[in-house]
Structure formats: C-alpha cells, structure tokens
Amino acid sequence: ASFSPQAATLLVALVAANGANNAATTVAVTDSLAGSWTLLSRENVNSGVNLGGSSEVWCRYLASAPGAMTVTAAWSAGDTGGNLVVRSLLGAASTQTGATGVRGGDLVAPNATLTPTQLGSWVYGASLAWITAITYTVNAANSIVDQFVDSTDGATWGTFKASAATASLVSGTYGFSNSTSAYNTAAAEILPAAAAAAQPSPLIIGQAVGRASLW
C-alpha cells in the first residue's frame with residue numbers, strides 16, 4: 001500500500017515468510033524510490049523437510065519527506081505465504097546499531113532475548129509459526145503490532161513491539177508466550193536519536209552591597 005512518511009522518519013519493516021523444503025529462506029526489502037535498506041535481524045532456521053521460513057527486521061532512514069512510496073518484501077523460492085508490516089518511526093537514530101536477538105527451530109518458544117544498549121530505545125520483531133496455524137498470545141513485555149493466521153497454509157505470521165521504551169539496560173524476552181513448538185523469531189532494538197548535549201549551567205556571580213555607619 002502507498003504511504004507518505006514525514007521527514008526524519010525511520011522505516012522499520014517487519015517480515016515473516018514461509019520457506020522452502022531443505023533450504024534457508026531469505027527476504028529482500030525494497031521500495032518504489034530505490035532506497036537502501038539495512039537488515040537488522042534474521043532467523044531462518046530450517047529443519048529437515050519442514051518449512052522453516054524466515055523472520056526478519058529491516059530499516060531505512062528518510063532524512064526528507066519522500067512523497068508517496070511503497071515497500072515490498074520478496075523472499076526466496078518456496079511457499080508464497082508471508083506478512084509485511086512497515087512502521088514509520090519519528091525520533092529514531094538515522095543509523096541503527098542496537099542489540100538483536102533471535103530464536104528458531106523445533107521445540108522452541110516464539111520469542112527472542114536481547115539486552116538493550118540505550119535507554120529510551122524500543123524493541124520490534126517478527127515471528128513465524130511454521131508448523132501449525134495458531135493465534136499468538138503476547139507476553140507481558142510486548143504488544144502485538146499485527147498477526148495473520150493462515151489456516152489454509154498452516155502458518156501464522158506475527159509482529160510485535162515492546163510495550164514501553166527501554167527504562168533499564170537488562171536482558172529481556174520479547175515476542176509471544178505460546179507453548180513450545182516450531183517458530184522463527186527475530187527482534188531488534190531501535191535506537192532513539194542522540195539527545196542534544198547538555199549545556200553547562202551558567203555561572204552566576206551575585207553582588208551584594210552593604211552599608212554601615214561603622215566598619
């Protein structure tokens with residue numbers, strides 16, 4: 001779908017896509033303005049003949065308002081099912097070097113663990129349930145951005161974000177709280193723009209004048 005971001009916007013693309021038998025699936029994110037996208041996090045575990053697929057987080061910074069644009073995610077050969085969500089974030093750093101976390105394979109939980117590196121950051125991610133179509137249940141530290149349950153294809157694609165900005169630099173688990181099964185989950189910390197350097201307090205020199213008849 002076409003949209004028109006503001007200037008100084010960070011676009012974050014959250015992708016979960018089905019995969020091919022016995023092959024690692026990868027995603028390529030492009031846009032109608034031929035911009036350059038950066039892969040922040042990817043989990044594309046494939047196990048035997050199961051359709052492992054891939055969950056990925058990408059970003060692109062827009063210094064100026066570009067006008068109307070579209071974003072496209074294309075993944076390597078395999079099932080055609082997948083889900084793309086693009087978030088337009090204001091106040092994010094133009095270059096993203098935050099922490100990432102992934103978890104994938106059989107008998108794993110649909111979440112990933114990472115340790116944030118900067119206060120005020122946000123964590124975004126995507127998760128693919130690639131064995132059975134389920135309804136994702138968000139865990140206490142997150143909120144669901146979007147999910148699609150494909151009962152025909154037997155998969156669920158979900159995207160999530162932290163429920164609050166990072167308040168302490170401690171390890172956290174991000175994603176969903178469904179029971180252990182076969183999932184691929186990728187998460188990335190989105191850093192805020194650097195705060196302006198604090199200005200030193202001005203030096204105030206007070207002057208007092210005293211008068212007395214005798215000194």
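Just so you know, all these numbers are worked out from the coordinates, no wet-lab data involved. The shown structure was predicted, so the numbers you read here are calculated from the model rather than taken from an experiment. We place every Cβ from the backbone using ideal geometry, glycine too, and count neighbours over all the protein chains shown.
Using alpha-carbon pairs under 8 Å, 6+ residues apart, how would you state the relative contact order of the range 6-96 in percent?
On the way: 220 pairs, mean separation 42.4, N = 91.
Worked out over the range 6-96, it gives 47 percent.
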(message) Give me Rg/Rg_expected for the range 1-45, where Rg uses Cα atoms only and Rg_expected = 2.2 N^0.38 Å with N residues.
(response) 1.44
(message) Considering all alpha-carbon pairs of the range 109-203, what whole percent are spaced by more than 20 angstrom?
(response) 42
(request) With a cut-off of 20 Å, note down the residues of the range 55-71 whose backbone N falls inside the zone around a label point 7 Å from the Cα of Ala193 toward its beta carbon. (result) 59-67
(request) Extending each Cα 7 Å along its Cβ direction at Thr115 and Asp150, get the distance between those two points in nm, one decimal. (result) 3.7
(request) Calculate the tail of P(r) for the chain: the fraction of all Cα-Cα distances greater than 25 Å, expressed in %. (result) 42
(message) If I build a Gaussian network model for the chain, linking alpha-carbon pairs within less than 10 angstrom, which residue out of Ser181, Ser94, Ser36 has the largest mean-square fluctuation?
(response) Ser36
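Could you please tell me the mean projected area of the C-alpha convex hull for the range 132-186, averaged over all directions and given in square nanometres to one decimal?
Mean projected area for the range 132-186: 4.1 nm², to one decimal.
Taking only C-alpha pairs under 8 Å that are 6+ residues apart, what is the relative contact order of the chain in percent?
Working: 618 pairs, mean separation 53.3, N = 215.
Result for the chain is 25 percent.
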